[in-house]
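The values are calculated or read from the model by the stated rules, or taken from the named source; none is laboratory data. Keep in mind that what you see is a predicted model, and the values were worked out from it rather than measured. A quick note on method: Cβ atoms are made from the backbone with ideal geometry, for glycine too, and the neighbour counts reach across all protein chains shown. What goes into the accessible areas is simple: the full protein's heavy atoms, side chains included, and nothing from ligands, DNA or RNA. Shrake-Rupley method; radii C 1.70, N 1.55, O 1.52, S 1.80 Å.
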Amino acid sequence: MAETGTDIQKAKALLESGELVAIPTETVYGLAGNALNNLAIAKIFEVKDRPAFDPLIIHVPDLLRASRYVQEIPEDARKLAKAFWPGPLTLVLPKRPVIPDLVSAGLDTVGIRCPNHILTRGLLEIIDFPLAAPSANPFGYVSPTTASHVNDQLGDKIAYILDGGSCKVGIESTIIGFDGHSPVIYRMGGLSLEEIEDVVGKVRVEQHTSSNPKAPGQLKSHYAPSKKIIAGNIDELLRTHRSKSVGVISFQKKYDLPFHVVLSPTGSLSEAARNLFSALRTLDKMPVDLIVTEWVPDNGIGRAINDRLRRASH
Ligand code: TXA
Ligand code: MG
């Protein structure tokens, strides 16, 4: 078990000496290290068992600090940062040489974001380097949304967990890159397409696969619990798999079953997003052979939920 607490001075000291600290953000918990220290970066890849071709994003306290690490900020990137930082938005921009190639996995761009969580903002304000932080889970598994999720899987491998309670958004940041100066969404996340288009007009969404070199980490199978998961019509799936012990994750409807989580009894997509990863972890631990779930309405943050369900069930 890692030591867990809310001491940002302790987190600072550990990070300065090259250790890793799990940090809370509004999206999911991150596994953080000094982004300018190659040894710390190498540790992140090792602890997560993450392939070296999958780049890390860096975290900064504000736009001014971001500009130290990138070559240029296109007009639309600036507009988006002004509208949504601190918040669940990662911008992929041409990096400056000060960002190690290990962070960007050899790409000439770096993903950068300003997280919205009071503890982590406090920490970012008192250190003089950016924090590289992927989600604090073993590669390919469901992202953690509480300190105890982090402890369950990485507790014996990291020095300290900053405990900031449960994540308010619950799903990873939306990632936006630029084709020339036009924004392109690489990953649907906590910031919705509608919110983005309100600021910069129509944007392109790129289908992410493992063969897309711009978003190397966007594998088809990801965010996956170890149990098999199938998404579709829950009633039909329950009939088809009658002979098995089945766990159910529904959007709104209550089922009279022993292994069951409702994501949002009131049908709120943001509540469903907040509960999704916990639900996957909970059912993964139960004595079920199979998890069945259903798609949620495909608008707002619902698109990001469906994306995670698609990849968890791939
Ligand atoms: O909400 C989040 O973004 C969380 C919290 C901790 O900030 N972080 C997170 O990091 O989800 P990670 O590493 O689990 O996912 C970041 C994704 C990866 O799929 C990676 O491949 C992609 O961002 N990425 C990073 N740098 C990139 C770049 N330069 N170009 C394209 N994709 C990039
Ligand atoms: Mg991740």
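Could you tell me which numbered condition Ser226 fails, if it satisfies all but one of (1) buried (at least 16 other Cβ atoms within 10 Å of the Cβ); (2) of a type in the set (Gly, Ala, Ser); (3) touching a helix residue (DSSP H, G or I) at 6+ places or on another chain (Cβ under 9 Å)?
(1)
Taking Ile171, is it open to solvent by less than 30 Å² (accessible area, probe 1.4 Å), touching a helix residue (DSSP H, G or I) at 6+ places or on another chain (Cβ under 6 Å) and within 16 Å of ligand 2 (Cβ to nearest atom)?
Yes: the conditions hold for Ile171.
Does Thr90 satisfy the condition of being in contact (Cβ under 8 Å) with a residue 12 or more places away in the chain, hydroxyl-bearing (Ser, Thr, Tyr) and open to solvent by less than 20 Å² (accessible area, probe 1.4 Å)?
yes
Please specify each residue of segment 136-173 satisfying the condition of being within 11 Å of ligand 1 (Cβ to nearest atom), under 21 Å from Val103 (Cα atoms) and in contact with a Leu (Cβ under 7 Å, 6 or more places away or on another chain).
Passing the criteria: Ala136, Ser173.
Could you count how many residues in segment 109-148 are away from ligand 2 (no atom under 16 Å from the Cβ), within 16 Å of the chain's Cα centre (by Cα), in contact (Cβ under 8 Å) with a residue 60 or more places away in the chain and more than 29 Å from Ser226 (Cα to Cα)?
Count: 3.
Which residue, of Val199, Val98, is touching a Lys or Arg at 6+ places or on another chain (Cβ under 6 Å), open to solvent by 30 Å² or more (accessible area, probe 1.4 Å), more than 18 Å from Lys10 (Cβ to Cβ) and more than 16 Å from ligand 2 (Cβ to nearest atom)?
The conditions single out Val199.
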